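Take a look at the structure set out below.
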Amino acid sequence: MTRQFFDDIKTQLLTLQSGGASVLKTVARWNNQVELLYDEQGGRNPNFLFPACFISFKAAEIMQLAQGVQLYENLIIDLHILDWQIDAGDGTQEQNLEIYDLKELVFSVMNKFSPNATNDSAGTFMRIAEEDDDKHHGVYHFVQRYKTSFVNNSLQEPVNGIPSTVPMPVEIDNYVSGSGDTSEPYIKTNPGT
């Protein structure tokens, strides 16, 4: 993966707006943040704001293409959607139904999303799975899984020893003299000689 690819996903998630502000208060790389929410005495100790979405990349088979280009085929991206709410405001404790709205908002901007990573290209995101992680007190954790492909050409090697952009420019310096309506032969010349 490249940093730009990650940033493209993060930027897309931050497009979720409500009243001019981002719906998601934290969008970052997944590092098992739910395990760090509670201290040793069982107290809540978050180091980020809710609602949050964390991005993780699952290992994908890498296919070597020509000139150092690599294809991550069937790349899996997990989006960890987290929210905190003890009281839903309607008298029910430990029941946050707003998480369903939040996960659908994330789905609305990520399904069929195509990143525009610089010097790379990625396929369209398609949601392939979703699961509810209910092992955390007061924290609602949904994982949405997306499948895509990714081409990394950041280490592209020169073609025939010539670093260039693709496609290489065409240069033609040869001229043909002679006429089609005479018996004069066609003579190929180089204008510099």
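For THR124, only one of the following conditions fails: (1) open to solvent by 80 Å² or more (accessible area, probe 1.4 Å); (2) at pLDDT 90 or above; (3) assigned to a loop (DSSP other than H, G, I, E, B). What is its number?
(1)
What's the total number of residues in segment 47-74 that are part of a strand (DSSP E or B), open to solvent by less than 80 Å² (accessible area, probe 1.4 Å) and under 17 Å from TRP30 (Cβ atoms)?
Final tally of qualifying residues: 6.
Loosely packed, with under 10 Cβ neighbours inside 10 Å, modelled with pLDDT under 80 and not small (Gly, Ala, Ser), is that true of PRO169?
It is true that PRO169 is loosely packed, with under 10 Cβ neighbours inside 10 Å, modelled with pLDDT under 80 and not small (Gly, Ala, Ser).
How many residues does segment 5-34 contain that are more than 15 Å from CYS53 (Cα to Cα) and at pLDDT below 90?
4
I need the full set of residues from segment 2-26 which are in a strand (DSSP E or B) and either acidic (Asp, Glu) or open to solvent by less than 70 Å² (accessible area, probe 1.4 Å) (or both), in order please.
Within segment 2-26, ALA21, SER22, THR26 qualify.
Give the residue that is modelled with the lowest pLDDT, with candidates limited to residues of segment 146-165 that are within 14 Å of the chain's Cα centre (by Cα) and open to solvent by less than 80 Å² (accessible area, probe 1.4 Å).
ASN152
Out of LEU37, LEU82, which single residue is in contact with a Pro (Cβ under 8 Å, 6 or more places away or on another chain), closer than 18 Å to GLN144 by Cβ and either at pLDDT below 95 or not aliphatic (A, V, I, L, M) (or both)?
On inspection, the qualifying residue turns out to be LEU82.
The values are calculated or read from the model by the stated rules, or taken from the named source; none is laboratory data. Values in this document were obtained by computation on a predicted structure and should not be read as measured data. In this analysis, Cβ positions are derived from the backbone assuming ideal geometry, glycine residues included, and neighbour counts consider all displayed protein chains. Each accessible area value is taken on the protein alone, full model and side chains, heavy atoms only, with ligands, DNA and RNA left out. Shrake-Rupley method; radii C 1.70, N 1.55, O 1.52, S 1.80 Å.
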